[in-house]
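**Student:** Below you'll find the structure I mean.
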Amino acid sequence: MCDSTLCEDRVNSILPFLPLCRRSSALFWPPVVVEFLKSLSKGPLHSKVSTGQLLALAISDLRDSLNFPPNYSLRHGFALFFDDLLSKDDAEKWFGDVLPQLGDLLLRLPELLEIHYQNANTFNGLETGLRLLESQEPGIVFLSQELVAALLVCALFGLFPITNRGAKHLPAINFDDLFVCIYECYHLSLENKIKCIIHYFERICLHMPTGNVSFERKVLLLKNSPSGILYPKTNFWSQSDVSLCQLEVRKSGLIEDQSTEALEVDFANKYIGGGALGRGCVQEEIRFMINPELIVSMLFMSSMADNEAIEIVGAERFSNYSGYAASFRFTGDFVDKKGVDSLGRRKTRVIAIDALCSPGKRQYKVEYLLRETNKAFCGYFNPNKYQLYQKLFKAMGVQEEEPHQNIRNFFQKSKNLQSASSESGKQELSFDPPNDDEKKGQQWPNLEEAIGIATGNWGCGAFGGDPEVKVAIQWLAASQALRPFILYYTFGLKGLQKLEMVVEWIVSHEWTVGELWNMLVDYSFQRLKGNIEVGFFHWLLPSLYNDDGGGGYDDDPMMWMSDNAA
């Protein structure tokens, strides 16, 4: 049950960004909104809203009464989509069946919020009530899928206040830009994005989901704390003896289609959702269209700093699609068959992490390698295991050193690590950790509850990151986070054709996180200086790229590196 003081604080933080009024402890709609929604809920014969143009005019009048600035392109966008792009049958269904139910749902928003705050509790010591989650504020919000639906209807009608959102580093949440864009710069992909959203509303009107969705801001603390995980420094990564987890390369398929229980990586913008409600139509935006409940995070999640990530559990998928970017198309209904956990959340875990954008050569600097590795680690760590992580940090027991001093120390130790192997047999991926009596991997948690990572070319493509470096970074982060496995989707990227062989070689030699990190740092240092031009994998294992099969140092990068460290 919600403590009255806590409820007061939660409501006060989010109220400026809700379109509701407040009297005493009660939330309510302004009378003009109630009148509009009641009329809408009675159907088109009563409301006279039977076309996109009439809906646009009704919403514009409503927004004018709330002192919202006029948006004539928005009116044209509604008319274009509902009157011209939607089929006659679908339009009749929308105005006759769906829109009245959406009006009724929005009428109940104050009641749904009251129930929400009454039932808000704690989860892992964190409050769960709806509130603004600003940067550097770890926290979690639990919302029922019905409340999520009501908030999304509010966004569809463009009723969320837009003032002060920029001051709080919040992305836009109203659907205005979607409809403005389809009118001002029409593209088929934009039409299909809206079709996904409309399909979601049709589905919830047929059957309202009864589960929950959680939205969590994860933070790596910049100062020591007994209840959190510290932002790692370079020496931590350099000296980590945690074993690398298993990495399975998948040359086909999509992250969202994987069937295991894994964190599914959202290649995010620092403003979560990116261009989902605008022209954007790549990985993050597509995910927000087929799982529209993700969009609600944009209401209360401030932009992410370098030491933050956002994890969303329970968002249901409603749409099928094909294509990517300009070729994106809505292809029909999707029935989500993922199981449900004890908290009523669908077992779909989306983790939003934002990579460096257009990093160029600076991505090879140690400080940016550290930024990217810590960003992924922040997304991948399990908050329930923070005491275990703290033990790992404490066990390091080292002072911060210059990264290249760490590399030299590593080379001295590397001579005794393992002998070269010119033939590495393929290892089966069982997703099992090393045995308890093995030195490496002693810190693995009980895998009965362990959840892996499903990811791909994070920070690459339009973001401009080096795919081979980004693979290594994500592997380091997942391993240090004690995740049992990575499912890595290459999406057919040519530069990762030999990834499977590289992984097999590294796994066969039982490298630790520290060993891979130091290799990556030295490669990046030489790449930055212009000493080498080849990719990380080619530099690491030249024999894989030589027609004659190579030999000598080509089969053992450790030997080559130790001889050239000076």
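The values are calculated or read from the model by the stated rules, or taken from the named source; none is laboratory data. Predicted, not measured: the structure shown is a model, and the values here were computed from it. As a convention, Cβ positions derive from the backbone with ideal geometry for all residues, glycine included, and neighbour counts pool all protein chains shown. For accessibility, only protein heavy atoms count, side chains too; no ligands or nucleic acids. Shrake-Rupley method; radii C 1.70, N 1.55, O 1.52, S 1.80 Å.
**Student:** Could you list, in sequence order, the residues of segment 245-272 that are surrounded by fewer than 23 Cβ atoms within 10 Å (Cβ to Cβ) and assigned to a loop (DSSP other than H, G, I, E, B)?
**Tutor:** Answer for segment 245-272, where residues must be surrounded by fewer than 23 Cβ atoms within 10 Å (Cβ to Cβ) and assigned to a loop (DSSP other than H, G, I, E, B): Lys251, Ser252, Gly253, Leu254, Gln258, Ser259, Thr260, Glu261, Asn269, Lys270, Tyr271.
**Student:** Still on this structure, please answer the following. Looking at segment 16-52, which of the residues that are in a loop (DSSP other than H, G, I, E, B) and of a type in the set (A, V, I, L, M) is nearest to Leu86 (Cα to Cα)?
**Tutor:** Val49
**Student:** Is segment 126-137 home to any residue that is within 23 Å of Asn374 (Cα to Cα), at pLDDT 95 or above and open to solvent by less than 10 Å² (accessible area, probe 1.4 Å)?
**Tutor:** There is at least one residue in segment 126-137 that is within 23 Å of Asn374 (Cα to Cα), at pLDDT 95 or above and open to solvent by less than 10 Å² (accessible area, probe 1.4 Å).
**Student:** Yes or no: Leu113 hydrophobic (A, V, I, L, M, F, W, C) and more than 17 Å from Leu156 (Cα to Cα)?
**Tutor:** Yes; evaluated as a whole, the condition is true for this residue.
**Student:** Going through segment 509-536 one residue at a time, which ones are part of a helix (DSSP H, G or I), open to solvent by 40 Å² or more (accessible area, probe 1.4 Å) and touching a residue at least 24 places away in the same chain (Cβ under 8 Å)? Before the answer, list the steps.
**Tutor:** The first filter runs over segment 509-536 and keeps only residues part of a helix (DSSP H, G or I), leaving 513-529, 536.
From the residues that got through so far, the ones that are open to solvent by 40 Å² or more (accessible area, probe 1.4 Å) too are 525, 527-529.
Answer for segment 509-536, where residues must be part of a helix (DSSP H, G or I), open to solvent by 40 Å² or more (accessible area, probe 1.4 Å) and touching a residue at least 24 places away in the same chain (Cβ under 8 Å): Phe525, Arg527, Leu528.
**Student:** Assess whether Gly52 counts as being in contact with a helix residue (DSSP H, G or I) (Cβ under 8 Å, 6 or more places away or on another chain) and in contact (Cβ under 8 Å) with a residue 40 or more places away in the chain.
**Tutor:** The answer is no for Gly52.
**Student:** Looking at segment 329-344, can you tell me whether even one residue there is crowded, with 22+ Cβ neighbours inside 10 Å and part of a loop (DSSP other than H, G, I, E, B)?
**Tutor:** The answer is no; no qualifying residue exists.
**Student:** Before we move on, is Val148 part of a helix (DSSP H, G or I), touching a helix residue (DSSP H, G or I) at 6+ places or on another chain (Cβ under 6 Å) and more than 30 Å from Ile229 (Cβ to Cβ)?
**Tutor:** So Val148 does not fit the description; no.
**Student:** Being under 30 Å from Asn121 (Cβ atoms) and within 22 Å of the chain's Cα centre (by Cα) is the filter; apply it to segment 194-217 and report the residue that is most open to solvent (accessible area, probe 1.4 Å).
**Tutor:** Asn212
**Student:** Still on this model: Would you check if Ser24 is surrounded by 14 or more Cβ atoms within 10 Å (Cβ to Cβ), modelled with pLDDT under 95, of a type in the set (S, T, N, Q) and closer than 27 Å to Phe142 by Cα?
**Tutor:** Criteria not met by Ser24.
**Student:** If Asp64 satisfies all but one of (1) at pLDDT below 95; (2) surrounded by 17 or more Cβ atoms within 10 Å (Cβ to Cβ); (3) assigned to a helix (DSSP H, G or I), what's the number of the condition it fails?
**Tutor:** Condition (2) is where Asp64 drops out.
**Student:** May I ask you to verify whether Gly552 is in contact with a helix residue (DSSP H, G or I) (Cβ under 6 Å, 6 or more places away or on another chain), at pLDDT below 95 and open to solvent by 10 Å² or more (accessible area, probe 1.4 Å)? Don't jump to the end; show me each part of the working.
**Tutor:** Values: in contact with a helix residue (DSSP H, G or I) (Cβ under 6 Å, 6 or more places away or on another chain): no; at pLDDT below 95: yes; open to solvent by 10 Å² or more (accessible area, probe 1.4 Å): yes.
No; evaluated as a whole, the condition is false for this residue.
**Student:** In addition: Only residues that are assigned to a helix (DSSP H, G or I), within 19 Å of Ser319 (Cα to Cα) and open to solvent by less than 30 Å² (accessible area, probe 1.4 Å): list them for segment 156-193, please.
**Tutor:** Across segment 156-193, the qualifying residues are Leu156, Leu178, Ser189, Leu190, Glu191, Asn192, Lys193.
**Student:** Looking at this structure, is Ala155 hydrophobic (A, V, I, L, M, F, W, C), at pLDDT 95 or above and more than 20 Å from Pro292 (Cα to Cα)? If you could, list the steps in order and put the result at the bottom.
**Tutor:** Numbers: hydrophobic (A, V, I, L, M, F, W, C): yes; at pLDDT 95 or above: yes; more than 20 Å from Pro292 (Cα to Cα): no.
No: the conditions fail for Ala155.
**Student:** I want to confirm something. Restricting to segment 481-507 and keeping residues that are modelled with pLDDT under 95 and in a helix (DSSP H, G or I), which single residue is least open to solvent (accessible area, probe 1.4 Å)?
**Tutor:** Gly495
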